[in-house]
1. Exactly one condition in (1) under 25 Å from Thr228 (Cα atoms); (2) under 17 Å from the mean Cα position of the chain (by Cα); (3) open to solvent by less than 60 Å² (accessible area, probe 1.4 Å) is not met by Lys167; state its number.
2. Scan region 198-215 and give yes if some residue there is out of contact with any Lys or Arg (no Cβ under 8 Å at 6 or more places or on another chain), among the acidic types (Asp, Glu) and at pLDDT 95 or above, otherwise no.
3. Would you kindly identify the helices (runs of 4 or more DSSP H) lying entirely within region 26-101 that contain at least 1 residues that are of a type in the set (Phe, Trp, Tyr) and closer than 21 Å to Ile16 by Cα?
4. Filter region 28-63 for residues that are open to solvent by 20 Å² or more (accessible area, probe 1.4 Å), touching a residue at least 12 places away in the same chain (Cβ under 8 Å) and of a type in the set (D, E, K, R) and give the result.
5. Among the residues of region 189-199, are any of a type outside the set (Ser, Thr, Tyr), more than 28 Å from Tyr56 (Cβ to Cβ) and either touching a residue at least 12 places away in the same chain (Cβ under 8 Å) or open to solvent by 30 Å² or more (accessible area, probe 1.4 Å) (or both)?
6. Within the group Tyr150, Tyr187, which residue is under 26 Å from Thr247 (Cα atoms) and in a loop (DSSP other than H, G, I, E, B)?
7. Out of all the residues in region 12-27, which are of a type in the set (Asp, Glu) and surrounded by 17 or more Cβ atoms within 10 Å (Cβ to Cβ)?
8. Identify the single condition in (1) at pLDDT below 95; (2) surrounded by 16 or more Cβ atoms within 10 Å (Cβ to Cβ) that Ser86 does not satisfy, given that it satisfies every other one.
Amino acid sequence: MLPVYSISKPFLAQAILELGLDLSSVIGEFVPDLAGAYKSRTVASLLNHTSGLDDYSQLTEYNQAVANSEPAWAISELLSRGEQLSHHRIGFHYSNIGYLLLRQAMEIGTGLGYFQSLQQLVFQPLGITGFAEWAKPHSAVPNYDPAWVYSGTFLAQPKAIAPALAKLAKHRATTLGLAAGLIDVPYPNTGFEQPGYNFGFMTNGNPPTEVGHGGGGPGFQLMAMVNTSTWAADVEISQTGDFDQATAIRALKARLA
């Protein structure tokens, strides 16, 4: 088993959709006692990273603590430290803080923990297997506390990642649609000709011809993708440290074509 890191985000996004939260409502309606910097962001804007929130990777002390293999801070401490960041971003700006708030809304909505919530709302209904909870250090990533991934993540059998993402993408296409929440991502050299982001998926084109997500952290870098014409899917996985996501996207597009 290996960590999927942020490849978990499409599954969390789907869980939020399955809960039926009003996408135009602010997250403070579902997560009590949030600071002013966080509580007024809408669910929809959190899902597609347009809420204006910054990312906790910008905290120097966060990166130092992870590098020193320290235990993760409590969520309350992370959010308190995160208030010092600039939360006035315009347009698409990737924010793990935003997905942490969605995770909290999911857990409150189900009364369950992170992985158990995903099991109930997404994995079991879609017949997804090969994933496992990652709540404590694992031999795949020694001396790393997975609680540092505040938006949530899990472990997966490598061969389970692509089929699971394909099931999720096909379900989204036949329900809400893959264009729901879709916005342009104004970044050059992503590997996509027309990069975008919808509710939890990195996308190419409008309507999307490919959807997927990347993930990375100590020990592993990954990119998984689904061709929306054939529902074929594949994943690139690296442990070398020289992983380039744009190169991985181009390789996956070529294989899946």
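The values are calculated or read from the model by the stated rules, or taken from the named source; none is laboratory data. Keep in mind that what you see is a predicted model, and the values were worked out from it rather than measured. Neighbour counts run over all protein chains shown; Cβ positions are idealised from the backbone, glycine included. Areas reflect the complete protein model, heavy atoms only, side chains present, ligands, DNA and RNA absent. Shrake-Rupley method; radii C 1.70, N 1.55, O 1.52, S 1.80 Å.
1. (3)
2. Looking for residues that are out of contact with any Lys or Arg (no Cβ under 8 Å at 6 or more places or on another chain), among the acidic types (Asp, Glu) and at pLDDT 95 or above, one finds none in region 198-215, hence no.
3. Of the helices (runs of 4 or more DSSP H) lying wholly inside region 26-101, those with at least 1 residues that are of a type in the set (Phe, Trp, Tyr) and closer than 21 Å to Ile16 by Cα span 36-39.
4. Those that are open to solvent by 20 Å² or more (accessible area, probe 1.4 Å), touching a residue at least 12 places away in the same chain (Cβ under 8 Å) and of a type in the set (D, E, K, R): Lys39, Arg41, Glu61.
5. So far as region 189-199 goes, yes, one or more of its residues are of a type outside the set (Ser, Thr, Tyr), more than 28 Å from Tyr56 (Cβ to Cβ) and either touching a residue at least 12 places away in the same chain (Cβ under 8 Å) or open to solvent by 30 Å² or more (accessible area, probe 1.4 Å) (or both).
6. None of the other options fit; the residue is Tyr187.
7. Scanning region 12-27 gives a single hit, Glu18.
8. Result: Ser86 passes all but (2).
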